[in-house]
Amino acid sequence: MTAETLGFQTEAKQLLHLMIHSLYSNKEIFLRELISNASDAVDKLRFEALADSSLYEDSPDLRVRIDADVDARTITIHDNGIGMSREEAIEHLGTIAKSGTSQFLNGLSGDQKKDAQLIGQFGVGFYSAFIVADKVVVETRRAGLAADKAVRWTCEGEAEYTIEDIEKSDRGTSVTLHLKEDAEEYANDLRVRSTIKKYSDHIAVPIEIKKLAPQSEEEGTEPAADEYQAINTATALWTRPRNDIKDEEYKEFYKYVSHDFEDPITWSHNRVEGKLDYTSLLYIPSHAPFDLHNREVSRGLKLYIQRTFIMDDASQFLPLYLRFVKGVLDSSDLPLNVSREILQGSPAVDSIRGALVKRVLDMLDKMAKETPDVYAKFWTEFGGVLKEGPAEDSTNAEKIGGLFRYASTKTEGDVLSASFSDYISRMKDSQDKIYYLVADSLTAARNSTYLEVFQKQGVEVLLLTDRLDEWTISHLYEFDGKQFQDITKGELDESIVGSPDKDDESKTESSTDVMDKIKTSLNGRVDSVRATRRLTDSPACLVYAEHALSPQMRKMMEAAGQPVPEDKPILEVNINHPLVAKLSEEAGDEKSGELAELLYDQAVLSAGEQLDNPSLFVKRLNQLLFEERS
Ligand code: ADP
């Protein structure tokens with residue numbers, strides 16, 4: 001096949017446009033991304049060659065080479081890795097396969113500074129070449145294919161690229177960047193050396209660059225033409241002892257494995273010897289990737305077996321609720337020819353997975369205790385995913401629950417800083433439950449009528465405003481032996497509302513008639529009507545049975561198209577409230593019926609629910625106001 005001009009997929013085009021036109025403060029990261037791809041390609045060759053050593057052809061020494069030419073204003077990254085076939089080049093370099101890409105790109109603001117930050121969460125990889133280059137030429141041949149089955153991929157603009165057949169005797173890929181005028185510095189020899197050094201020291205493959213010309217005194221001495229030297233020590237970072245590794249190196253390695261632009265929040269590097277032998281280096285990123293909530297996307301743990309790269313996205317080693325963790329696992333106990341299927345049933349994998357989960361949870365716990373401010377940032381970014389934990393991993397439910405943070409009636413503003421342990425430490429002596437309230441927003445929660453008696457008694461209530469919260473709590477059951485109690489459900493303990501005195505009893509008795517009247521008026525919409533002990537100021541509230549679904553859960557289930565059982569609420573009425581007194585004085589059926597409707601509608605609104613007929617409520621309210629005035 002001869003030369004062909006092809007259009008980029010829309011998403012690739014958008015990303016390319018952004019790369020070409022966005023001003024990056026840190027343009028040199030293109031080199032990290034391309035070296036990372038080159039070293040991945042070498043890793044992949046080594047892996048495929050485990051099954052077919054002929055892929056090494058006649059050059060088993062794997063390496064990445066970088067050539068820069070300041071006069072031609074080019075920089076080229078060569079690797080003798082796996083290479084790409086024509087189809088692969090079209091697929092990998094002309095399209096972006098990450099799902100959710102177009103929503104992400106469409107959501108960018110157009111403000112270059114903000115977008116440049118967001119794009120870091122996306123991980124741009126190969127396209128970062130266009131930050132500094134206006135023309136990129138890729139020559140590549142897949143290992144094992146004939147020399148004339150190589151291709152040249154050329155892109156000079158934003159819309160299309162050409163692909164043509166070429167001959168290439170050595171396998172692998174070379175990526176040549178024709179630098180923009182203002183990016184000439186990246187081809188400068190010293191600059192290239194220092195940048196490569198920075199980005200490649202921790203990489204296990206030798207990264208080579210031409211030897212510097214010897215500073216010869218004698219005229220006419222030619223420098224050795226094609227002599228290369230490795231610029232890195234080419235030892236995989238995780239195999240080195242912890243004490244020898246600087247924080248900066250850990251951070252660079254993170255960016256290399258994750259394609260993230262920002263530093264990680266924290267990491268944990270451990271070597272385990274004994275029944276199982278493995279090394280893990282696990283990182284917590286500082287921000288969520290754009291597709292964090294997509295449970296299908298690939299995750300960030302790379303599996304190596306005895307230093308040989310086996311696979312990206314070794315999802316068997318971490319549960320879904322820890323899918324934000326990135327890093328490397330190097331095991332000596334698994335066979336080199338391991339497949340995802342073998343991993344699935346392996347006891348060694350289960351055991352390593354258990355240990356890694358513990359390691360991550362301990363790392364988070366330490367962060368929460370030692371640097372609560374840093375932890376607060378983590379919680380904002382990843383809390384939503386961690387909340388899937390108790391349902392997915394009941395063994396560690398309590399440990400995971402210990403990492404949760406909420407707003408509470410004892411904390412200020414909208415900070416989520418109350419943990420269950422904090423709550424328990426502030427509990428009253430007589431209290432044995434953890435009380436919580438679920439609401440659509442923090443403002444709604446803080447002003448909720450359900451809090452009245454708790455505020456009067458000085459009892460703390462956790463305020464849950466995330467749509468997952470209630471579901472999560474239902475999988476936790478209890479924390480540190482204390483049960484959870486939704487304050488809108490069931491009867492409240494006497495430790496909160498106090499035991500009823502004589503006065504209460506006689507009032508309740510004398511209000512039986514009015515309760516019956518209200519129940520009749522509401523005509524089957526409530527299960528029962530009873531005197532409340534939750535309210536001090538408001539006239540009424542809706543309460544659900546202990547195990548009934550809350551309105552929020554109902555909404556979630558309805559939205560998911562699931563059948564929702566019909567649970568009628570109980571209307572609790574404040575017999576000390578003037579509206580209730582008025583209702584009880586009212587003799588006429590019609591009038592008391594209207595007041596009962598008003599009472600009910602207010603209770604519905606206070607519960608954060610919608611009225612079936614809002615305009616009728618408004619009409620009744622106005623009628624009442626008008627009567628009061630006249
Ligand atoms: P990512 O590396 O995150 O998948 P990139 O945009 O950097 O995304 O690269 C896209 C794909 O192109 C890679 O997954 C790989 O299949 C292919 N690729 C890029 N560079 C090389 C290379 N030097 N050798 C072989 N394949 C490569």
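The values are calculated or read from the model by the stated rules, or taken from the named source; none is laboratory data. Please read these numbers as outputs of a predicted model, since none were measured by experiment. Cβ placement follows ideal geometry from the backbone for every residue including glycine, while neighbour counts extend to all protein chains displayed. To get the accessible areas, we keep the full protein, side chains included, count just its heavy atoms, and leave off ligands, DNA and RNA. Shrake-Rupley method; radii C 1.70, N 1.55, O 1.52, S 1.80 Å.
Within segment 111-139, take every residue that is open to solvent by 30 Å² or more (accessible area, probe 1.4 Å) and modelled with pLDDT of 80 or more and give me the one that is farthest from Phe8 (Cα to Cα).
This residue is Glu139.
Taking the condition of being within 18 Å of the chain's Cα centre (by Cα) and surrounded by fewer than 19 Cβ atoms within 10 Å (Cβ to Cβ), how many residues in segment 329-364 meet it?
So the count comes out to 1.
May I ask you to list the residues in segment 96-110 that are open to solvent by 70 Å² or more (accessible area, probe 1.4 Å) and more than 23 Å from Arg152 (Cβ to Cβ)?
Residues satisfying the conditions are Lys98, Gln103, Asn106, Ser109.
Output the residues belonging to segment 348-402 that are among the polar types (S, T, N, Q) and farther than 23 Å from Asp291 by Cα.
Once the filter is applied, which keeps residues that are among the polar types (S, T, N, Q) and farther than 23 Å from Asp291 by Cα, segment 348-402 yields Ser351, Thr371, Ser394, Thr395, Asn396.
Got a sec? Which helices (runs of 4 or more DSSP H) wholly within segment 514-629 have at least 2 residues that are within 47 Å of the chain's Cα centre (by Cα)?
By residue number, 551-559, 589-606, 614-629.
Tally time: how many residues in segment 108-139 are closer than 20 Å to Ala68 by Cβ and within 16 Å of the ligand (Cβ to nearest atom)?
Adding up the residues that qualify gives 11.
Which residue is surrounded by the fewest Cβ atoms within 10 Å (Cβ to Cβ), if the candidates are limited to segment 75-95 and must be within 7 Å of the ligand (Cβ to nearest atom) and at pLDDT below 95?
His92
Of the residues Thr176, Thr266, Thr195, only one is modelled with pLDDT of 95 or more, closer than 30 Å to Val374 by Cβ and hydroxyl-bearing (Ser, Thr, Tyr); which?
Every option except Thr266 fails the conditions.
Find the residue count for segment 323-348, including only residues that are touching a helix residue (DSSP H, G or I) at 6+ places or on another chain (Cβ under 8 Å) and within 18 Å of Glu273 (Cβ to Cβ).
6
When segment 132-149 is examined, which residues are found to be part of a strand (DSSP E or B) and in contact with a Gly (Cβ under 8 Å, 6 or more places away or on another chain)?
Result: Thr140, Arg141.
Is there any pair linking a residue in segment 287-316 that is aromatic (Phe, Trp, Tyr) to one that is in a loop (DSSP other than H, G, I, E, B), with Cβ under 7 Å and at least six apart or on different chains, and which?
Hits for this filter: Phe290/Gly100.
List, please: which pairs have Cβ atoms under 9 Å, are six or more places apart or on different chains, and start with a residue in segment 167-183 that is acidic (Asp, Glu) and end with one that is at pLDDT 95 or above and within 13 Å of the ligand (Cβ to nearest atom)?
Taking only residues 6 or more apart or on different chains, the pairs are Glu167/Arg141; Glu167/Ala150; Asp170/His78; Asp170/Asn80; Asp170/Arg141.
Suppose we filter Val438, Val461 for residues that are at pLDDT 95 or above, crowded, with 21+ Cβ neighbours inside 10 Å and among the aliphatic types (A, V, I, L, M); which single one remains?
From the options Val438, Val461, the qualifying one is Val461.
Can you tell me which of Ile163, Ile196 is in a helix (DSSP H, G or I) and within 16 Å of the ligand (Cβ to nearest atom)?
Ile196
Would you point out which residue out of Asp466, Asp513, Asp480, Asp486 is over 30 Å from Lys582 (Cβ atoms) and exposed (fewer than 14 other Cβ atoms within 10 Å of the Cβ)?
None of the other options fit; the residue is Asp480.
When the residues of segment 251-276 are filtered to those that are closer than 16 Å to Ile203 by Cα and among the basic types (Lys, Arg), which remaining residue is surrounded by the fewest Cβ atoms within 10 Å (Cβ to Cβ)?
Going through the qualifying residues, I end up with Lys251.
Kindly check whether there is at least one residue in segment 577-584 that is buried (at least 20 other Cβ atoms within 10 Å of the Cβ) and hydrophobic (A, V, I, L, M, F, W, C).
Yes, segment 577-584 has at least one match.
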